[in-house]
Amino acid sequence: MHDLHLLKDLCFIWLSALFSGYICLKLKLPPLAGYMLAGIALGPHGFKLISDAGQINVLAEFGVAMLLFALGVDLSLKQLASKAGKLLATGTLQIVLTALLAGGLALALGLAKHSGTAFLFGCVCALSSSVIISKILYDRGETDSVHGRILLSIAILQDLSLVLIIPFLPLMASEGTTSLNDLLLSAGKAIAFILIVVFGAVRILPVVLAQAARSNSRELFLLTLLGLCLGIALLSHSMGLSIALGAFLAGIMVSESIWAHQALHDVQPLKDLFSVVFFVSVGMLLTPAFIFAHSLEVLLFVVLLVVGKTLVGALAALCTTSNTRSAILVGAGLAQIGEFSFVLLTMGRDLGLVGDDMYNLFFAGAVVSLMASPAIYALSPRLIYLFQNRNQKQPKGQQEEKDATSLASRLKDHVIICGFGRTGRNLGTVLTSYGIPYLVIELNAAIVEDLAMRGVPHIWGDATSNMLMTKANLKDAACLVLTMPDPSAITAITKFVRKRNEDVKIIARAHSPSDIAAFTDAGVSAVVQPEFEASIEITRLALFSRNRPPSEIEAALDKVRAMRYPHPHPDFAKTMKTERILPLYMVLEEEQTGGWLINDSGMLSGKSAKELNIRGNTGVTITAVRSGGKTHTFPSSDFVFNNGDEVYAVGTSDELQRFKTLYKLSEFTPFDSLSAALSEASPT
């Protein structure tokens, strides 16, 4: 009878991780915390369901290797090198300062008995969760914001810092017996290994991956990746370095190849499965009794961690941005422990750098920080807004501010654009073409400089500032457009604006469906969600490709819009309706145009399009006729024209001119009649 203990253990691990991870997800907590809690339940301090912990630890080691291999594949050195020097300086300063402060504090409080433990403690505290950071920014639509770009750059640099941290852990574990020669020998091994990896990435890897890709076999390509990952990881181990470092560098080798995206896609399932085994194994080492007995110490550790990392992160971010709000958001985004901190901590425990008490303390605090991170980040903009406007004082009258205020005071019925990214720039271009005055409120210094060079009215600063918003001559504005990615900022601005100008139209960009109702309740006139509008256009084009009638398409899209935007502001209802009707008159092919003509000569009267053979004689297509107060879209060939009918014809310029001349029609611009038609016509 075969021994099935390992299969049973894996079954317990994956099923318990599924259950606990699902619960955490429903509670809007990181699933990572659920995996570790599953480990507590399965381990020796829980229900003791794992029979072979040694084999599980081996699989957990494989999980670490796959986790770091995938990280390396996903990490682009070219992307990192393209970052501005200030961003690199910000990331380096954050890592070094956090490690020094955390390590020093651990020594001072007696948590670390020697410098090796303090080094490890500082490093694990310095790292933040790139998964949590990316998810928070994506969910809030802030990946392209100033603080979002800084956070993502720091996260990449933190991940890369593992290359420097991991080789020194064995040296730190042998403190007291380590000489300068040992240090140089270890550094030399690491450098030699990195050079071998670089040579392989340039000379050997492209040939190997190319052969695997040409086989057109997904299995062979995956086996090549696994062989590369484990082979280099074991080579690293044989040189006295770690398996984790070897796997990470193997991933970096693949990251610069043309097969990187496919490689990441293929190893993702293995990485996900066995990294779960690792995080469950981490939880199995935890002693719940210790946490309950030292709950005060755990709470103190979490508070110091969150506050310390927020302050250090904000201070480091000021190297890149001069805006305090963005810097604080960077600090708040970093205020948690990263998933790779657990890798370092486990390695430190195996090397004897960390005892059970410190392991349990750090583990408990790390899990709490991961759980609290999304809530802390969401709360930060509200606290910044309250503090900023409560303590804001009138400046002493700098010339630039005086000029901005004077310029804004001369604007009437203008549009205020908060945020001049892609959306704001496109809007500004159109407003300029129509001669509509507008003013931009922008925080990005580079954009402000460009606006100044172009002579566009602008105010530099944060739109959440009540004083700054007042300077934009809010009382005389016709429209306010909010394009920023922060939903709490949009809500706060809207509430402030509504108290000072009840008539201004407010248009806001929502990054999440849940924001739509909140914005509407706050007083936003119209909400636009970019992803939803993209789906509407894709649906329209797909139905057009299947030759569905335009009226049927618009009716279907009407229903979809009503579900997403249930209560449009009355002032925008007609505009939205116009948008739905106008495409019926604008079905144009290449080199075609459209034009309105009126049957004032009577040559079309009493005859149908079929009798007149309009298309055969002129080449034009009749797409709409307004007759007797009703609009007929895409009339049939049997439709009979009457005197005074307004006709919309589509064709080339020559065809339209021939149609106009042959039937003695007059051109006109039907804004008034079209407006009346739009109020009556509805797709059926």
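When Glu531 is tested against the conditions (1) touching a Pro at 6+ places or on another chain (Cβ under 8 Å); (2) surrounded by fewer than 19 Cβ atoms within 10 Å (Cβ to Cβ); (3) of a type outside the set (Ser, Thr, Tyr), the lone failure is (1). Within region 429-473, the set of residues being at pLDDT below 85 and part of a strand (DSSP E or B) comprises Trp460 only.
Being farther than 25 Å from Lys135 by Cβ, at pLDDT 90 or above, within 22 Å of the chain's Cα centre (by Cα) and not acidic (Asp, Glu) is a property that Ile490 lacks.
Counting only helices (runs of 4 or more DSSP H) that sit wholly inside region 243-362, those with at least 1 residues that are closer than 30 Å to Gly461 by Cα are 295-317, 324-333. Which ones in region 502-514 are at pLDDT below 90 and over 18 Å from the mean Cα position of the chain (by Cα)? Selection gives Glu502, Asp503.
Here Leu228 meets the list (1) within 30 Å of Leu443 (Cβ to Cβ); (2) at pLDDT 90 or above almost entirely, failing just condition (1).
Quick test for you: out of Glu655, Glu646, pick the one residue that is at pLDDT 80 or above, in contact with a Pro (Cβ under 8 Å, 6 or more places away or on another chain) and not aromatic (Phe, Trp, Tyr).
Glu646
Do you know which residues across region 106-134 are assigned to a helix (DSSP H, G or I), touching a residue at least 60 places away in the same chain (Cβ under 8 Å) and within 30 Å of Cys24 (Cβ to Cβ)? Correct list: Leu120, Phe121, Cys123, Val124, Cys125, Ser130, Val131, Ile132, Ile133. Candidates in region 28-45 are the residues that are small (Gly, Ala, Ser) and touching a residue at least 24 places away in the same chain (Cβ under 8 Å); of these, the one that is surrounded by the most Cβ atoms within 10 Å (Cβ to Cβ) is Gly39. Filtered by the rule that a residue be under 20 Å from Lys505 (Cα atoms) and out of contact with any helix residue (DSSP H, G or I) (no Cβ under 6 Å at 6 or more places or on another chain), region 441-462 gives a lone residue, Ile441.
When region 6-27 is examined, which residues are found to be small (Gly, Ala, Ser) and either surrounded by fewer than 14 Cβ atoms within 10 Å (Cβ to Cβ) or closer than 17 Å to Ile132 by Cα (or both)?
Gly21 - this is the single residue of region 6-27 that is small (Gly, Ala, Ser) and either surrounded by fewer than 14 Cβ atoms within 10 Å (Cβ to Cβ) or closer than 17 Å to Ile132 by Cα (or both).
Restricting attention to region 419-451 and to residues that are among the aliphatic types (A, V, I, L, M) and touching a residue at least 40 places away in the same chain (Cβ under 8 Å), the residue that is nearest to Leu482 (Cα to Cα) turns out to be Leu427.
Residues that are crowded, with 20+ Cβ neighbours inside 10 Å, at pLDDT 85 or above and under 22 Å from Leu137 (Cα atoms) do occur in region 517-528, at least one of them.
The single condition from (1) closer than 23 Å to Ser636 by Cα; (2) modelled with pLDDT of 85 or more; (3) not polar (S, T, N, Q) that Leu584 fails is (2).
All of Thr621, Thr593 fail the test of being modelled with pLDDT under 85, surrounded by 14 or more Cβ atoms within 10 Å (Cβ to Cβ) and of a type in the set (Ser, Thr, Tyr), apart from Thr621. Are any residues in region 550-571 surrounded by 14 or more Cβ atoms within 10 Å (Cβ to Cβ), modelled with pLDDT under 75 and part of a helix (DSSP H, G or I), and if so, which ones? Scanning region 550-571 gives Pro550, Ser551. Take Leu311 and decide whether it is of a type outside the set (Gly, Ala, Ser) and within 25 Å of the chain's Cα centre (by Cα). Yes; evaluated as a whole, the condition is true for this residue.
The values are calculated or read from the model by the stated rules, or taken from the named source; none is laboratory data. In this text, all values refer to a predicted model and were calculated from it rather than measured experimentally. Because the Cβ atoms are built from the backbone with ideal geometry, glycine has one as well, and the counts that use them run over all protein chains shown.
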